[in-house]
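This report refers to the structure that appears directly beneath it.
No lab work stands behind these numbers, since they all come straight from the coordinates. Since the structure is predicted, the reported quantities are computational estimates derived from the model, not experimental observations. For neighbour counting, all protein chains shown are included, and Cβ atoms are generated from backbone atoms with ideal geometry for every residue, glycine included.
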Amino acid sequence: MNAPVTESQLDWRLIGTIDDVPLQGSRCVKNGETTIAIFRTAKDEIFALEDKCPHKNGPLSQGIVHDGCVTCPLHNWVISLESGMAQGADSGQTASYPVRVEGREIYLSLSPKV
Ligand code: FES
C-alpha cells in the first residue's frame, strides 16, 4: 500500500489570484479532459471541485455558492465545496482538489483528495 501523500509533496500550480474568481462564483481551469471549477465563497475561501455534479454531471461551476456548498443548476442537489459530497438525502461525490492560498495567489494541486 502506498504511503499517504503529504501536503509538501503535492504538485502545486499557480492558477491565478482570488480576484480572478467572482465572489460567490467560480472560474474553470482545464486539466486535459477534466474541467476543475475553482469556487470563491462570500468569506473569500477557495475550493476546487471537478465541474461535474455526482447526479448527472451538471456543471457545478454554474451553480449558486452558499454556506460552504454549491447548488447544482440542473436539479438543485447541494454539494459540499470541501468534500464534494452530496448533502441531505442525496448521495454521491465529485472529485475535490487541494487548494492553497498565499496572499491572494491560488495554488491548485491536480492530485484529487481521497
Ligand atoms: S445534475 Fe446536478 S442535480 Fe442533477
Checklist line | Output for the range 18-46, where each listed residue is basic (Lys, Arg) and assigned to a loop (DSSP other than H, G, I, E, B) | finding: LYS43
Notebook entry, point to check: Would you call LEU49 part of a strand (DSSP E or B), touching a residue at least 40 places away in the same chain (Cβ under 8 Å), more than 16 Å from the ligand (Cβ to nearest atom) and not polar (S, T, N, Q)?
Noted result: no
Note to self: Suppose we keep only residues that are outside any strand (DSSP E or B) and farther than 21 Å from THR34 by Cα within the range 78-105. Which one would you say is nearest to the ligand (Cβ to nearest atom)?
What the structure shows: ASP90
Check: Taking the range 60-72 only, how many residues are more than 23 Å from SER111 (Cβ to Cβ) and outside any strand (DSSP E or B)?
Finding: 4
